[in-house]
Amino acid sequence: MECIARQIRCDIIKMVHAAGSGHLGSSLSAVEIVTALYFSVMNIDPARPDWRERDRFILSKGHACPVLYAALARRGYFPVEELATLRRINSRLQGHPDMNKTPGVDMTSGSLGNGLSCGAGMALVAKLDALPSCVYVLLGDGEIQEGIVWEAAMTAAHYKLDNLCAIIDNNGLQLDGYTSDVMDINPVADKWRAFRWNTIAVDGHDLDALVRTLELANQTKGRPTVIIADTTKGKGVSFMEDQCDWHGRCPTDEEAKQAIRESVDPSRYDTWRDQSEQAS
Amino acid sequence: MSDLVATRVAYGDALPEMGEKFEDLVVLDADISKAMQTGAFEKRFPDRHFDFGIAEQDMMAAAAGMAAMGKIPLVNTYAVFASLRACEQMRTFIAYPMLNVKIVVSHGGLAVGWDGVTHQGLEDMSVVRSIPNMTIVHPADATSTRKLLPQVIAHNGPVYFRLGRNPTPIIYTEHHDLQMGKAEVLADGGNVAIIACGPIVSEALKALELLRAEGIQARLVDMHAVKPLDTAAVLDAAALTGAIVTVEDNNILGGLGSAVAETLVEACPVPMRRIGVPDCFGESGDPDGLFEKYGMSAEHIAGAAKSAMAAKRK
């Protein structure tokens with residue numbers, strides 16, 4: 001799984017560089033979370049993206065979709081080469097997730113704060129129809145400043161949605177700076193506990209710990225679980241780590257090469273770049 | 001035209017039957033289930049009714065999630081809250097992904113009356129009409145509400161179903177065969193055409209009498225589907241009469257009047273007058289008094305009809 005995470009990290013850098021825009025830092029901080037879900041925890045079948053009994057994933061922090069697209073491609077939902085079309089006209093890979101365009105995307109998202117409500121709606125139906133499906137929602141830490149998140153937090157606890165799991169990509173940064181400076185969300189865990197959620201903290205870059213915690217969430221009955229995953233924005237690339245400038249900046253050719261070199265597999269970089277240039 | 005029934009009441013009465021007919025139907029409320037008349041449904045199908053508390057945005061986005069799981073959610077709230085407070089949830093999470101959610105709103109228009117501006121949906125049709133993929137259905141009375149509801153639910157895609165708060169006249173009889181999206185010609189007349197939607201159609205009917213007393217024969221079209229507009233019915237009315245008046249209980253900017261004007265100006269320009277809330281906020285008061293004050297009464301409609309007729313090319 002670590003190997004896959006490295007591959008996904010590499011894909012993200014290539015995609016955003018080829019697209020000329022996108023959210024690198026936000027995507028890199030969620031690599032292990034998304035990898036743990038798609039390559040270990042979630043009950044899914046890439047051959048049947050519409051299978052009703054599957055688990056669902058909502059990327060509520062939709063701007064981090066490069067990490068989702070890379071995971072979906074590596075899991076076999078669509079060809080890896082298609083990643084080069086990110087954000088281009090007629091591409092199935094929109095700048096924010098689109099459930100009707102991209103195979104494997106369970107919910108359109110990108111306008112922040114709304115994913116948890118959508119997820120609660122899904123979880124309610126899974127309960128109503130006695131489906132085995134679990135619903136996972138990944139939120140940014142800055143994102144929980146949105147009021148609707150707490151409306152959904154109430155709903156999920158009220159309806160005892162133990163088939164719903166929220167994961168907070170707690171990287172401490174948002175577009176305007178440190179979350180603690182922009183609008184402090186702390187104490188995060190206490191807030192969720194006060195909303196009657198099962199609250200667990202985990203190292204968001206430790207794949208084994210993530211898998212264990214996500215499975216623990218599945219076993220919790222009678223209330224929803226939130227996993228506060230401590231992460232580093234821009235994880236894996238020295239000059240991007242913990243830099244809010246890299247929330248939505250595109251790397252130059254040199255920066256991209258350096259970033260790839262630091263991730264993995266620099267040898268394939270030029271080939272991939274040539275393909276994407278031909279595609280455009 | 002003697003009985004008075006609010007369209008929201010007709011809706012609530014029909015819901016249990018809809019629950020039987022559509023097994024995927026679920027009903028969502030935001031603490032105004034009494035006003036929305038969903039109690040009978042909740043009683044019959046307690047498992048398929050969900051209250052979200054006073055949280056319209058959460059309810060709207062949750063409905064998107066439910067529709068993504070194959071349900072047909074009916075989201076219930078007032079027009080002003082659905083179209084404005086939860087507007088983005090409707091646009092981005094329901095209309096954009098074309099999810100099969102029906103947004104049922106009461107309290108459309110100035111006719112809300114006493115509650116005043118905060119609870120009067122005056123801009124909602126304009127807002128919703130500008131959102132792609134949305135269908136807007138605004139029935140004129142209790143009978144048409146009952147006849148259109150199953151069609152709204154059966155329609156595959158998001159629908160905004162606009163109802164009124166207060167008791168209003170019954171216009172249709174049971175034998176009327178209403179088809180969602182197809183305008184209904186309620187009166188035939190060659191001098192001028194009135195195109196109206198919602199319970200204010202009853203004011204237009206009164207205007208017809210006033211005009212008849214002056215020897216003017218007016219055509220009356222109930223345009224219950226504001227979007228997509230029955231453009232053939234609009235063009236027929238223009239070709240047959242040469243003068244059009246639109247009547248709606250919504251801001252005159254962006255709603256039915258605008259939709260009709262857009263159609264006419266491109267295909268068959270004729271003199272036209274628009275009756276509606278004249279781009280202002282309302283106030284508290286009795287509905288008839290408000291229609292009088294804001295230029296939306298039967299007398300105003302009749303006056304607008306004569307004005308449009310006078311502007312016809314000699």
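If you take the residues of the stretch A:109-131 that are out of contact with any Asp or Glu (no Cβ under 8 Å at 6 or more places or on another chain) and farther than 20 Å from residue B:51 by Cβ, which of them is farthest from the other protein chains (Cβ to nearest Cβ)?
Out of the qualifying residues, it is A:130.
Just to verify a result, which residue in the stretch A:109-119, among those that are under 19 Å from residue A:164 (Cα atoms) and in contact (Cβ under 8 Å) with a residue 40 or more places away in the chain, is surrounded by the fewest Cβ atoms within 10 Å (Cβ to Cβ)? Steps first, answer last, please.
Pass one, the stretch A:109-119, residues under 19 Å from residue A:164 (Cα atoms): A:109, A:112-119.
Still in the list and also in contact (Cβ under 8 Å) with a residue 40 or more places away in the chain: A:109, A:112-116, A:118-119.
Values: A:109: 29, A:112: 20, A:113: 25, A:114: 32, A:115: 32, A:116: 33, A:118: 34, A:119: 34.
Per the criteria, the residue is A:112.
Kindly indicate the residue of the stretch B:147-202 that is within 30 Å of residue B:34 (Cβ to Cβ) and charged (D, E, K, R) and also surrounded by the most Cβ atoms within 10 Å (Cβ to Cβ) among those meeting that condition.
Per the stated criteria, the residue is B:162.
Can you name every residue in the stretch B:69-92 that is assigned to a helix (DSSP H, G or I) and either among the hydroxyl-bearing types (Ser, Thr, Tyr) or out of contact with any Lys or Arg (no Cβ under 7 Å at 6 or more places or on another chain) (or both)?
Residues satisfying the conditions are B:80, B:81, B:82, B:83, B:84, B:85, B:87, B:88, B:89, B:90, B:91, B:92.
Inspect all residues belonging to the stretch A:76-85 and state whether any of them is closer than 30 Å to residue A:152 by Cα and surrounded by fewer than 24 Cβ atoms within 10 Å (Cβ to Cβ).
yes
Quick check on residue B:232: is it over 21 Å from residue B:209 (Cα atoms), surrounded by fewer than 22 Cβ atoms within 10 Å (Cβ to Cβ) and touching a residue at least 24 places away in the same chain (Cβ under 8 Å)?
no
Are any residues in the stretch A:139-182 away from chain B (no Cβ under 14 Å) and either in contact with a Cys (Cβ under 6 Å, 6 or more places away or on another chain) or in a loop (DSSP other than H, G, I, E, B) (or both), and if so, which ones?
Selection gives A:141, A:162, A:171, A:172, A:173, A:175, A:176, A:177.
How about the stretch A:127-181: which of its residues are free of Cβ contacts under 8 Å to residues at least 40 places away in the same chain, farther than 26 Å from residue A:31 by Cβ and touching a Ser or Thr at 6+ places or on another chain (Cβ under 9 Å)? Quick ask: steps written out before the conclusion?
Within the stretch A:127-181, the subset free of Cβ contacts under 8 Å to residues at least 40 places away in the same chain is A:127-130, A:146-149, A:151-152, A:155, A:158-159, A:179-181.
Pick out the ones that are also farther than 26 Å from residue A:31 by Cβ and you get A:127-130, A:147-148, A:151, A:155, A:158-159.
The answer is A:148, A:151, A:155.
Right, residue A:124: surrounded by 24 or more Cβ atoms within 10 Å (Cβ to Cβ), at negative phi, part of a helix (DSSP H, G or I) and of a type outside the set (D, E, K, R) or not?
yes
With the requirement that a residue be closer than 22 Å to residue B:242 by Cβ, basic (Lys, Arg) and not in a strand (DSSP E or B), what does the stretch B:191-219 give you?
B:212
Which condition number in (1) within 14 Å of chain B (Cβ to nearest Cβ); (2) assigned to a loop (DSSP other than H, G, I, E, B) is the one that residue A:185 fails?
Of (1) within 14 Å of chain B (Cβ to nearest Cβ); (2) assigned to a loop (DSSP other than H, G, I, E, B), only one is false for residue A:185: (1).
Quick one: would you say residue B:84 is away from chain A (no Cβ under 14 Å) and out of contact with any helix residue (DSSP H, G or I) (no Cβ under 6 Å at 6 or more places or on another chain)?
It is true that residue B:84 is away from chain A (no Cβ under 14 Å) and out of contact with any helix residue (DSSP H, G or I) (no Cβ under 6 Å at 6 or more places or on another chain).
Taking interchain pairs and intrachain pairs at least six residues apart, which have beta carbon atoms under 7 angstrom, with the first residue in the stretch B:198-214 and at positive phi and the second outside any helix (DSSP H, G or I) and buried (at least 19 other Cβ atoms within 10 Å of the Cβ)?
B:198/B:108; B:198/B:109; B:198/B:138; B:198/B:140; B:198/B:162; B:198/B:164; B:198/B:248; B:198/B:249
Within the stretch B:220-307, considering only strands (runs of 3 or more DSSP E) that don't extend past its boundaries, which have at least 1 residues that are of a type in the set (Ser, Thr, Tyr)?
B:244-251
Could you please find all residues in the stretch B:89-130 being surrounded by fewer than 24 Cβ atoms within 10 Å (Cβ to Cβ), out of contact with any strand residue (DSSP E or B) (no Cβ under 8 Å at 6 or more places or on another chain) and more than 14 Å from chain A (Cβ to nearest Cβ)?
B:113, B:114, B:115, B:116, B:117, B:118, B:127, B:130, listed by residue number.
Yes or no, residue by residue, for (1) of a type outside the set (Ser, Thr, Tyr); (2) in a helix (DSSP H, G or I):
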| site | (1), (2) |
| --- | --- |
| B:127 | yes, yes |
| B:136 | yes, no |
| B:149 | yes, yes |
| B:157 | yes, no |
| B:160 | no, no |
| B:173 | no, no |
| B:178 | yes, no |
| B:181 | yes, no |
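Looking at residue A:101 and the list (1) under 27 Å from residue A:83 (Cα atoms); (2) at the interface with chain B (Cβ under 10 Å from one of its Cβ atoms); (3) touching a helix residue (DSSP H, G or I) at 6+ places or on another chain (Cβ under 8 Å), which single condition is not satisfied?
(3)
Let me confirm something: among A:96, A:63, which residue is within 12 Å of the chain's Cα centre (by Cα), part of a loop (DSSP other than H, G, I, E, B) and in contact (Cβ under 8 Å) with a residue 12 or more places away in the chain?
Step by step, each of A:96, A:63 is checked, and only A:96 is within 12 Å of the chain's Cα centre (by Cα), part of a loop (DSSP other than H, G, I, E, B) and in contact (Cβ under 8 Å) with a residue 12 or more places away in the chain.
Considering only residues that are under 22 Å from residue A:122 (Cα atoms) and either within 12 Å of another protein chain (Cβ to nearest Cβ) or more than 10 Å from the chain's Cα centre (by Cα) (or both), which ones fall in the stretch A:66-78?
Those that are under 22 Å from residue A:122 (Cα atoms) and either within 12 Å of another protein chain (Cβ to nearest Cβ) or more than 10 Å from the chain's Cα centre (by Cα) (or both): A:72, A:77.
Could you tell me whether the stretch B:60-78 includes any residue that is more than 9 Å from chain A (Cβ to nearest Cβ) and touching a Gly at 6+ places or on another chain (Cβ under 9 Å)? Even if it seems obvious, please write down each step before you answer.
Kept after step one, since they are more than 9 Å from chain A (Cβ to nearest Cβ), are these residues of the stretch B:60-78: B:72, B:74-78.
Subsequent filtering for residues that are touching a Gly at 6+ places or on another chain (Cβ under 9 Å) retains B:78.
Yes, that holds for at least one residue.
Could you list all residues from the stretch B:65-88 that are buried (at least 24 other Cβ atoms within 10 Å of the Cβ), over 21 Å from the mean Cα position of the chain (by Cα) and not hydrophobic (A, V, I, L, M, F, W, C)?
Result: B:65, B:71.
State whether one or more residues within the stretch B:27-47 are touching a helix residue (DSSP H, G or I) at 6+ places or on another chain (Cβ under 8 Å), surrounded by fewer than 24 Cβ atoms within 10 Å (Cβ to Cβ) and facing chain A (nearest Cβ under 9 Å).
Scanning the stretch B:27-47 turns up at least one residue that is touching a helix residue (DSSP H, G or I) at 6+ places or on another chain (Cβ under 8 Å), surrounded by fewer than 24 Cβ atoms within 10 Å (Cβ to Cβ) and facing chain A (nearest Cβ under 9 Å).
None of the figures in this text is laboratory data; all of them are computed from the coordinates on show. Keep in mind that what you see is a predicted model, and the values were worked out from it rather than measured. When we count neighbours, we look across all protein chains shown, and the Cβ atoms used for this are built from the backbone with ideal geometry, even at glycine.
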